[in-house]
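These notes are about the structure you will find just below.
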Amino acid sequence: MANNKEKLFTEFTAPTTQEWLDKIQVDLKGADFQKRLVWRTNEGFNVQPFYRREDVEKLQTPNSMPGEFPFVRGNKKEDNVWYIRQEINESDAKAANAKALEILNKGIDSLSFRVPREKVSEEYVEQLLEGIHCDIVEVNFSTCKCHSLELAKILTAYFEKKGYDKEKVVGSIEWDPISKMVMAGKDKQSLLATAPALVEAFKDYPHFRCISVNSVALCNSGAYIVQELGYALSWGNEYLQQLVDAGVEPTLAASKIKFNMGVSENYFMEIAKFRAARMLWAQIVKQYEPKCDCACKMCVNAITTTYNMTLFDSHVNLLRSQTETMSAALAGVHSIVVTPFDATYETPNDFSERIARNQQLLLKEECHFDKVVDPSSGSYYIEELTTSLANESWKIFLKVEEEGGFLAATLAGTVQDDINATNEKRHLHAAQRREFILGTNQYPNFTEKSEGKEPVSGCSCGCGSSCEDSPIKAITATRLAADFENLRLATEKAKKQPVAFMVTIGSLVWRQARAQFSCNFLASAGYKVIDNLGFQTVEEGIDAALAAGADVVVLCSSDEEYAEYAVPAFKYLDSRAIFVVAGAPACSEDLKAAGIENFIHVKVNQLETLKDFNAKLGI
C-alpha cells in the first residue's frame, strides 16, 4: 500500500514559485499582480496571495517548541487550557458574591471584581469572597489606584487566614496608573512609586500579578494591531525598568506584570499578534538577565473589542466577538473576557452575559480548542504574519524607547496623537465605505428601529469623567459605528421618516445593481427605501415616486442611458423631492450643468452625503 502511494505521488512534479506566478499572471489577463492580489495592510507590510515552504524556511518562529523560550508557540506544553473570565461590576459585596457563586456553576473559572475605593476593607473582602475557593478559581480585582496597595495587603492577609497554598492562588490586581495618563490625560506619576511595594506584597504568590498593561484601551480606541502590540511592549518595559531601577529583582518584577490586550476582528492577524507578543516580550525580559526563562513568559488576558461593536443590528456583535475569541484561544492566551453583545447601549443583562460565557464554553467543550497547543504553528501564512507583525511593532517599540520610554512618550502626547490619528483615519474610511461595518454602513437592516436604545454615555476615553483641562493629551476615540448611529438616531427622531424611491429604468442589469446599492446606501441613515422592477418612462417613475410620498428620488440606470434619462427626470420632478443619480457617469459634468447636484457611488463619502440629505430634509 505504501509503495503504491509513493508511486502515485512521484508522478507529479512540484511546481516552482515562478511557475505559480506565471499561471496567476495568465489568469489575471494582463491585470497588475501587485494591485489586484497583494494585500496592503494597515499594519505597514504587504501580504502575498500565497506562501510556500521556501518562504517559511527562512523564518525563526517555526524552530521554537511550546513552553520553551521565546514562547512564540505558547507558555504550555501539554494543552491549551485558558481561563473563562467574567467581569462583575456590582458594588455591593453581597450582591457581587451572589453573582460570582452563580456564574461559577455556569462555566466561569475566573472572576473579576471591581472594588469601590470607599469600600476597600477587610469586611468587604470577607463578604466578597465568601464561599469562593481562591486556590481553585482565578480571582482578579480592580480599585482606585490610590487604594491598590491597601487592597493588596488585605487580600494577602485573607489568603493567609484561609491557609491557601501560595502556589495555587492565581489572580491579579489591575494597577496601571499610566492608563489614566494615556486615556484620560490625568497626571498620575506620583502613584508610580507604589509599584515596588505592590510587588513586595505578592512576592510569595508566584501566580498572582499586580502590575497591569491595559493596551486593550488602545484597541478599543481604534489602534491598528501593530500599534497596540508595539505600545504594549513599551508600556510593559516601562514598568519593568522602573521596578528594576527601584531594586526589585528582575525575575520577580517580570513575573508580576500582566497584559490586558484587546482582540479585533482581523482573525489570522490577531492569532499572529499574540504569538509575536510572547516572542518579543520574552526577548525584552531576557535583557534584564532573570534567573530563569520562566520569568520571560507573557501573561495575557484577552478582551474582545468594543470598537467595532454596533447599536443597530446588535446581534452581529456575537459574530464579531466569536471570531475574536477564536483568535485569542487558538493563540494560547492565559484568559479571555468576551464582551456581551449589548454592552454598547445598556448594562449587560443575564441573557447577554450567558451568551458571552457560552461563546467560550462552545470553543472548549465542543470545538476542543483547549486540547491542542498552537495549532497554527507551521502555517506558512500565520508564521509570515507573526514575523511581519513582530518586525513592525518592534520599530514602534524602538521609536518609543528613543523618545525616553513609554512614560516620556505619554507625557509628550506622541502615543495619544498616533492613536487619535488612526481613529480619525478609520472613521474617515468608514464614512467612505472603505472599511465596512456590517449592519451599519453596509447591508443595514432596512426595517430596524432603535426601540429606545441609546449609546452608552460617558467620557469616550473610559476614564469616567471629563477630559477637559487635562494637563496631558488624552485619547478621544469613539466606536467606529458611532457616527452612522447618531445619524440614524437623528433620522428616527424626525417628524417623518424620509422615503427614498428608486426610479429604475433602462438596462436591467445596471438598474438592479444600482438600486440595490442605493437602497443599502440610504437605509444606513434610517430612510425607508422603496425599490421597483422598472418603469417605461421617467415620467411614470416620478409620478409613482411622488404618489409614494418620496422625499428622495434616485434614478437608477446605466451610465450611457443617463444622458437620455437624467435631465428629463430632473426637470419633471421640478424640485418636489431631492433628485439623485446613482453612479458617476461620463456625462456627469453635463448633468451638473443642467442643475443636478447629487450623485451617489462607491467613491463618495457616504456619511457626509447622508448628513447633507438630512440637512436638506430639515433633520
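The values are calculated or read from the model by the stated rules, or taken from the named source; none is laboratory data. Owing to the predicted nature of the structure, the values given are computational and were not obtained by experimental measurement. Methodologically, a virtual Cβ is constructed for each residue, glycine included, from the backbone with ideal geometry; neighbour enumeration extends over all protein chains shown. These area figures cover heavy atoms from the full protein model, side chains too; ligands, DNA and RNA do not enter into them. Shrake-Rupley method; radii C 1.70, N 1.55, O 1.52, S 1.80 Å.
Name every residue in the stretch 173-204 that is over 23 Å from Val415 (Cβ atoms), open to solvent by less than 10 Å² (accessible area, probe 1.4 Å) and outside any helix (DSSP H, G or I), in order of residue number. Show your work before the answer.
Initially, the stretch 173-204 is screened for residues over 23 Å from Val415 (Cβ atoms), giving 173, 196-204.
Going one step further and asking which of them are open to solvent by less than 10 Å² (accessible area, probe 1.4 Å), we end up with 173, 198-199, 202.
Answer for the stretch 173-204, where residues must be over 23 Å from Val415 (Cβ atoms), open to solvent by less than 10 Å² (accessible area, probe 1.4 Å) and outside any helix (DSSP H, G or I): Ile173, Phe202.
Only one of the listed residues (Ser377, Ser393, Ser388) is in contact (Cβ under 8 Å) with a residue 12 or more places away in the chain and not in a helix (DSSP H, G or I). That residue is Ser377.
Looking at (1) touching a residue at least 60 places away in the same chain (Cβ under 8 Å); (2) over 27 Å from the mean Cα position of the chain (by Cα), which one does Ala184 not meet, given that it meets all the others? Of everything listed in (1) touching a residue at least 60 places away in the same chain (Cβ under 8 Å); (2) over 27 Å from the mean Cα position of the chain (by Cα), Ala184 misses just condition (2). For the stretch 347-374, filtering for residues that are in contact (Cβ under 8 Å) with a residue 40 or more places away in the chain, of a type in the set (A, V, I, L, M), touching a Pro at 6+ places or on another chain (Cβ under 8 Å) and under 22 Å from Val316 (Cβ atoms) leaves 1.
Among the residues making up the stretch 320-356, those that are within 15 Å of Ser264 (Cβ to Cβ), part of a loop (DSSP other than H, G, I, E, B) and among the hydrophobic types (A, V, I, L, M, F, W, C) are Val333, Val338. All of (1) part of a helix (DSSP H, G or I); (2) within 28 Å of Ala482 (Cβ to Cβ); (3) over 19 Å from the mean Cα position of the chain (by Cα) hold for Ala408 with one exception: (2). I want to confirm something. Restricting to the stretch 546-559 and keeping residues that are within 14 Å of Ala582 (Cβ to Cβ) and not polar (S, T, N, Q), which single residue is most open to solvent (accessible area, probe 1.4 Å)? Going through the qualifying residues, I end up with Asp559.
Table: residues versus (1) under 22 Å from Thr387 (Cβ atoms); (2) aromatic (Phe, Trp, Tyr); (3) more than 19 Å from the chain's Cα centre (by Cα).
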| site | (1), (2), (3) |
| --- | --- |
| Lys297 | yes, no, yes |
| Asn308 | no, no, no |
| Gln322 | no, no, no |
| Thr347 | no, no, yes |
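Cβ-Cβ contacts under 8 Å between residues 6 or more apart (or on different chains), taken from a first residue in the stretch 535-548 that is of a type in the set (S, T, N, Q) to a second residue that is open to solvent by less than 30 Å² (accessible area, probe 1.4 Å) and part of a helix (DSSP H, G or I), are absent.
Residues checked against (1) under 26 Å from Glu435 (Cβ atoms); (2) open to solvent by 70 Å² or more (accessible area, probe 1.4 Å); (3) under 29 Å from the mean Cα position of the chain (by Cα):
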residue	(1), (2), (3)
Thr476	yes, yes, yes
Phe484	yes, no, yes
Leu489	yes, no, yes
Glu492	yes, no, yes
Pro498	yes, no, no
Ser507	no, no, no
Phe521	yes, no, yes
Ser524	yes, no, yes
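A count restricted to the stretch 271-307 and to residues that are among the aromatic types (Phe, Trp, Tyr) and open to solvent by 30 Å² or more (accessible area, probe 1.4 Å) stands at 1.
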